[in-house]
Amino acid sequence: MAAEPPLLTVTGLTVTFPTPRGDVRAVDSLGFTVHRGRTLGIVGESGSGKSVTSLAVMGLHTGARVTGSVVLDGRELTGLPERDLNRLRGRRMAMIFQDPLSSLHPSYTVGEQIAEHHRVHFGSRRAAARRRAVEMLGEVGIPEPARRAGEYPHQFSGGMRQRVMIAMALACEPDLLIADEPTTALDVTVQAQILELLARLQQERGLAVVLITHDLGVVARVAHDVLVMYGGRAAEQAPVDALFTVPAHPYTRGLLDSLPRLDDPDDAPLRAIPGSPPSLLAPTPGCAFAPRCPRAAAAPAAERARCEDTGPALTASQGHLVACHLPLHTDAPAPGGPR
Amino acid sequence: MTATTGPKTGPDAGPLLAVRDLTMTFPGRRGRRRAAVRAVDGVSFDLAPGETLGLVGESGCGKSTTGRMIVRLLEPTAGSVVYAGRDISRLSQRALKPLRRELQMVFQDPHSSLNPHQTVARIVADPLLVQGVPAAEARERAAGLMELVGLVPEHLDRFPHAFSGGQAQRIGIARALATGPRLIVADEPVSALDVSVQAQIVGLLDRLRRELGLACLFIAHDLAVVKRVCDRVAVMYLGRIVEIGDKDRVYAAPAHPYTRALLSAVPLPDPAAERARERIVLAGDPPSPAAPPPGCTFHPRCPKAQDVCRREAPLLRVPVPGERREVACHFPETG
């Protein structure tokens, strides 16, 4: 796996929105890679830039200035003309969203919508495209696919609609699937079904998946690697087990500590992170987490000033990439890696 | 049918709130035919003074409708809500007014539940003004409430948009506490907030209910949050309570197959635990309350369903004698 080059390589991705109150940098010099057959979970709170990142990768930003590089299977996507991007979108890379109802056309049957997708990209004939649509609906676990293909989106439940979206996204056999909060609007028992479906399809097809979510539980269940975003930047990136067991960034640690856990026997009070996520309209020169960071608060004045005044660079530490002047790993003794 | 679970503790032994056979039907249509939607169907439970009951379930299970009937934002179709010994389910709005002091509500979306054109001072003092407290005194008490919920009184003259989501929810809580209520109905009070902020509000609610001796009906879909804040928990499915009892029993040894599936579906923020876990993945979606299945409404998704489940709706009963927990299932887990 390591020998194969990554399917998706993002470097120095920066997304800026011009607003009347000045430019807002929603994503700032972000980089990550995803291999075939792997899932990268991108975690963050509102305003962290996680959804903007996914749209930028798909080239779906109008009105924003996108710089940096997005390479899909050896091909640079930033700066590609819309025509070429259209050929790749849906075909080589596909996306599913939080709310399937707003991504489906209300007055076409779901079968027609999936079939159209196939016809556009493969020039297939009507009957063949329709057969493909029914086949896909069956594959994503919709009962009686031939009959349901003739129904409209409103006739499906939330979970079934998300299955339709997945069927549509995968109808053209893409290499990369970007799933932006795919289960956030769903009930927890239905979420479990959809996560299981995504995991199965990924295995069968060797898909590379970028899963964007605010739910660390979902990430723990399905991701191989995790990127934690804060204030538009990468705070920490690591393989999933390492991130949850030995987080290097105080924000990651704080997030994990503030989560109520179902399997925690004693129900001790939660250790909340004080304050709120930062506003992108008023960025600070230093680390975005500094105003809420317990380590910065406890540090000597000179170190605290560094946190507040200079943004930390992303550096490697024991298998993690971490952007912090006072990472938790310096305390860990093991020089050969986390124990 | 009663949901009283064993002897009561506390100063005045009687429940503060006794809900009996609470039912709400909304007019609806199925195709061309009229079909009433039974959003809440015969819900009964007690709430002791100072106690927190978690009401959990998936969307459309009737948990919010139940909460709204208890504070009388909705008038129930049938059944009773007995607050401090008095049935308030049919009282007129005028007769309810003095009781509103004691029954307050905290809503999900803090920003949409605060009037954007009013200052925080006005919002927090409003319940006091309605109850006839003079303006100067109301403002003074609003300042005290701001401190109580962890905000600075200097911000009283700001408008809601100047506050973050977590701060706005603190304002909503301050407003609910203004009249010194004995019962708070909190409907998904943290689900619109960022993860790092949720813990602050959960901690605040927990501290306040202890300090002020509040009884609380905590409505939420997040089972991990409910586990933190509640003494007892009730699980709803399609308008009915399927399991209710002491939190420790329900979480450690869920007796209803739905409770078991619900708990096993919640992802744990722990990759190793997630891999090791055995999950019960339910088939299908929750059915529509406009066309509930016959018998036990959970039977189409239940891994243990038998013939009797398709015919007869199970009543709440105690599966393990002596336990403070009731289950509506023909084949409860008692292991």
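Quick notes
- Leading residue by the ranking (nearest to the other protein chains (Cβ to nearest Cβ)) among those in segment A:192-203 that are closer than 14 Å to residue A:141 by Cα and not charged (D, E, K, R): A:192
- Filter result for residue B:57 (within 18 Å of residue B:245 (Cα to Cα), at pLDDT 80 or above and buried (at least 18 other Cβ atoms within 10 Å of the Cβ)): yes
- Hits in segment A:46-66 - residues which are within 26 Å of residue B:166 (Cα to Cα), modelled with pLDDT under 90 and either crowded, with 20+ Cβ neighbours inside 10 Å or not hydroxyl-bearing (Ser, Thr, Tyr) (or both): A:47
- Only a single item in (1) farther than 30 Å from residue A:259 by Cα; (2) touching a strand residue (DSSP E or B) at 6+ places or on another chain (Cβ under 6 Å); (3) of a type outside the set (Phe, Trp, Tyr) is not met by residue B:300, and it is number (2).
- The one condition in (1) within 25 Å of residue A:184 (Cα to Cα); (2) more than 8 Å from every other protein chain (Cβ to nearest Cβ); (3) touching a residue at least 24 places away in the same chain (Cβ under 8 Å); (4) assigned to a helix (DSSP H, G or I) that residue B:204 fails to fulfil: (1)
- Tally, over segment B:301-312, of residues that are surrounded by fewer than 17 Cβ atoms within 10 Å (Cβ to Cβ) and either free of Cβ contacts under 8 Å to residues at least 40 places away in the same chain or farther than 11 Å from residue B:258 by Cα (or both): 6
- When A:208, A:199 are checked against the criterion of being of a type outside the set (Asp, Glu) and surrounded by 24 or more Cβ atoms within 10 Å (Cβ to Cβ), a single residue qualifies: A:208.
- Flag set for residue B:196, criterion: within 14 Å of another protein chain (Cβ to nearest Cβ) and touching a Gly at 6+ places or on another chain (Cβ under 8 Å).
- Checking segment B:150-158 against the condition returns a match, with at least one residue being over 24 Å from the mean Cα position of the chain (by Cα) and of a type in the set (Val, Ile, Thr).
- Assessment of segment B:134-146 against the conditions (part of a loop (DSSP other than H, G, I, E, B) and of a type outside the set (Ser, Thr, Tyr)) yields at least one matching residue.
- Single residue of segment A:249-270 satisfying the filter (facing chain B (nearest Cβ under 7 Å) and assigned to a loop (DSSP other than H, G, I, E, B)) that is surrounded by the fewest Cβ atoms within 10 Å (Cβ to Cβ): A:269
- Only one of the numbered conditions (1) crowded, with 16+ Cβ neighbours inside 10 Å; (2) closer than 24 Å to residue A:89 by Cβ is not met by residue A:148, and that is (2).
Residues are listed down the side, and each one gets a yes or a no for (1) β-branched (Val, Ile, Thr); (2) farther than 26 Å from residue B:201 by Cα; (3) within 11 Å of chain B (Cβ to nearest Cβ); (4) surrounded by fewer than 16 Cβ atoms within 10 Å (Cβ to Cβ):
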position: A:229; (1), (2), (3), (4): no, no, no, no
position: A:278; (1), (2), (3), (4): no, no, yes, no
position: A:300; (1), (2), (3), (4): no, yes, no, yes
position: A:303; (1), (2), (3), (4): no, yes, no, yes
position: A:309; (1), (2), (3), (4): no, yes, no, yes
position: A:320; (1), (2), (3), (4): no, yes, no, no
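- Total residues in segment A:228-255, condition small (Gly, Ala, Ser) and in contact with a helix residue (DSSP H, G or I) (Cβ under 9 Å, 6 or more places away or on another chain): 5
- Selection count, segment B:16-47, where residues are within 17 Å of residue B:186 (Cβ to Cβ) and not in a strand (DSSP E or B): 1
- Residue B:271 being of a type outside the set (Asp, Glu) and more than 24 Å from residue B:45 (Cβ to Cβ): yes
- Of residues in segment B:313-334 being under 19 Å from residue B:247 (Cβ atoms) and surrounded by fewer than 13 Cβ atoms within 10 Å (Cβ to Cβ), the one modelled with the lowest pLDDT: B:334
- Identity of the residue in segment B:65-88, in contact (Cβ under 8 Å) with a residue 60 or more places away in the chain and polar (S, T, N, Q), that ends up surrounded by the most Cβ atoms within 10 Å (Cβ to Cβ): B:66
- The selection criterion, being within 14 Å of chain B (Cβ to nearest Cβ) and touching a residue at least 24 places away in the same chain (Cβ under 8 Å), holds for residue A:163.
- Positions within segment A:169-185 being within 14 Å of another protein chain (Cβ to nearest Cβ), surrounded by fewer than 24 Cβ atoms within 10 Å (Cβ to Cβ) and either part of a helix (DSSP H, G or I) or not polar (S, T, N, Q) (or both), in sequence order: A:181, A:185
- Where a residue in segment A:198-212 is in a helix (DSSP H, G or I) and its partner, wherever it lies, is surrounded by 14 or more Cβ atoms within 10 Å (Cβ to Cβ), with Cβ under 6 Å and at least six apart: A:199/A:222; A:202/A:209
- Scanning segment A:128-142 turns up no residue that is more than 19 Å from residue A:173 (Cβ to Cβ) and without any contact (Cβ under 8 Å) to a residue 24 or more places away in the chain.
- If you filter segment B:207-226 down to residues that are touching a residue at least 60 places away in the same chain (Cβ under 8 Å) and part of a helix (DSSP H, G or I), you find that the one that is nearest to the other protein chains (Cβ to nearest Cβ) is B:223.
- The residues of segment B:259-295 that are within 7 Å of chain A (Cβ to nearest Cβ), in a helix (DSSP H, G or I) and surrounded by fewer than 18 Cβ atoms within 10 Å (Cβ to Cβ), listed by number, are B:272, B:273.
- Residue B:151 being farther than 30 Å from residue B:298 by Cα, touching a helix residue (DSSP H, G or I) at 6+ places or on another chain (Cβ under 7 Å) and either crowded, with 24+ Cβ neighbours inside 10 Å or of a type in the set (A, V, I, L, M, F, W, C) (or both): yes
- Checked against (1) within 14 Å of chain B (Cβ to nearest Cβ); (2) outside any helix (DSSP H, G or I); (3) more than 24 Å from the chain's Cα centre (by Cα), residue A:285 passes all but condition (1).
- Subset of segment B:232-258 (residues that are within 11 Å of another protein chain (Cβ to nearest Cβ), closer than 19 Å to residue A:261 by Cα and either out of contact with any Lys or Arg (no Cβ under 9 Å at 6 or more places or on another chain) or not in a helix (DSSP H, G or I) (or both)): B:248, B:252
The values are calculated or read from the model by the stated rules, or taken from the named source; none is laboratory data. Note that the coordinates shown come from a computational prediction; the quantities given were computed from them, not determined experimentally. Neighbour counts are summed over all protein chains in view; Cβ atoms, including those assigned to glycine, are modelled from backbone coordinates with ideal geometry.
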